[in-house]
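As structure tokens, the structure follows; a few thoughts come after it.
The values are calculated or read from the model by the stated rules, or taken from the named source; none is laboratory data. In this text the structure is predicted, and so the values were computed from the model without any measurement. All Cβ positions, glycine included, derive from the backbone under ideal geometry; neighbour counts span all protein chains shown. When the accessible area is computed, the model is the full protein with side chains, heavy atoms only, and any ligands, DNA or RNA have been set aside. Shrake-Rupley method; radii C 1.70, N 1.55, O 1.52, S 1.80 Å.
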Amino acid sequence: MATFRTVGKFQLFQQGMRCEEDGDDRLADWQLPLCFTERRHLEKITAPQDLAQGWRMKERMKTVSVALVLCLNVGVDPPDVVKPSPCARTETWIDPLSMSPQKALEAVGNNLQKQYERWQPKARYKLSLDPTTDDVKKLCTSLRRNAKEERVLFHYNGHAVPKPTTNGEIWVFNKSYTQYIPLSLYDLQTWMGSPSIYVWDCNTAGVILDSFDQFARQRRDDHLV
């Protein structure tokens, strides 16, 4: 019967053989079994043949239109966000509280546009400051109509509205700025069409991703039917 025996730091495999010299019961060197002789250890090791797919699109595409949607409502914090004191308050390197709310809103929007213009100076930019649902709809459908088959970018700043919901909603305002109005990501995708890029600059933006993917698959399936 095969047994194991520990000698020092090594464990020897015994098959009933003994070294008779000096009465030592350890195996002689020539009796030790060879290791790693199984066929699986003798095969040539080769790298996998699968090649990783690149994330870049093969066909070049221009971003011809950019929607900059800012929900800041300067001076009014959303009800579900408790800000510590002190806390970060600057938007595009501007302190909104350093000037009147309307001027601050316009200054932040213009600064954001200038940052994007450094990346794509020839794109068509449209600012939507503290918008309603109808404002966002008109903006997105207009940019998609003019862009045709080219790419549209949608930038959403939601620092002054409640957090996105798990039902796939972001928030905008009513006309009198007395209520927060939910905006469905499904509707937004419908207005934006494709190809599109989305930038989510808001609290707990990661919550948006699951619902966004779900709605995108749903719209694709509806289109195929």
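So which residues in segment 197-211 are in contact (Cβ under 8 Å) with a residue 60 or more places away in the chain and either touching a Cys at 6+ places or on another chain (Cβ under 6 Å) or assigned to a helix (DSSP H, G or I) (or both), if there are any at all?
Of everything in segment 197-211, nothing turns out to be in contact (Cβ under 8 Å) with a residue 60 or more places away in the chain and either touching a Cys at 6+ places or on another chain (Cβ under 6 Å) or assigned to a helix (DSSP H, G or I) (or both).
Can you pull out the residues in segment 116-158 that are outside any strand (DSSP E or B) and either touching a Leu at 6+ places or on another chain (Cβ under 6 Å) or among the basic types (Lys, Arg) (or both)?
Passing the criteria: ARG118, LYS122, THR133, LYS137, LYS138, ARG144, ARG145, LYS148.
For segment 127-145, which residues satisfy the criterion of being charged (D, E, K, R), within 13 Å of PHE173 (Cα to Cα) and touching a strand residue (DSSP E or B) at 6+ places or on another chain (Cβ under 7 Å)?
ASP130, ASP135
If a residue has to be in contact (Cβ under 8 Å) with a residue 60 or more places away in the chain and surrounded by 16 or more Cβ atoms within 10 Å (Cβ to Cβ) to count, how many in segment 145-175 make the cut?
Going through segment 145-175 one residue at a time, the tally reaches 17.
Are any residues in segment 93-115 open to solvent by 30 Å² or more (accessible area, probe 1.4 Å) and either among the β-branched types (Val, Ile, Thr) or not in a loop (DSSP other than H, G, I, E, B) (or both), and if so, which ones?
Within segment 93-115, LEU97, SER98, PRO101, GLN102, LYS103, GLU106, ASN110, ASN111, GLN113, LYS114, GLN115 meet the criteria.
Report every pair of residues separated by at least 6 positions or lying on different chains whose Cβ atoms are under 9 Å apart, first residue within segment 84-104 and among the aliphatic types (A, V, I, L, M), second part of a loop (DSSP other than H, G, I, E, B).
LEU97/VAL74; LEU97/GLY75; LEU97/ARG89; MET99/VAL74; ALA104/LEU72; ALA104/VAL74; ALA104/GLY75; ALA104/ASP95
Return the pairs, sorted by first residue and then second, in which the second residue is at pLDDT 95 or above and in a helix (DSSP H, G or I), the first residue lies in segment 120-142 and is open to solvent by 70 Å² or more (accessible area, probe 1.4 Å), the beta carbons are less than 6 Å apart, and the residues are 6+ apart or on different chains.
These pairs meet every condition: LYS126/LEU139; LYS137/TRP191.
Considering only residues that are of a type in the set (D, E, K, R), exposed (fewer than 14 other Cβ atoms within 10 Å of the Cβ) and within 19 Å of the chain's Cα centre (by Cα), which ones fall in segment 176-225?
Within segment 176-225, ASP210, ASP213, ARG217 qualify.
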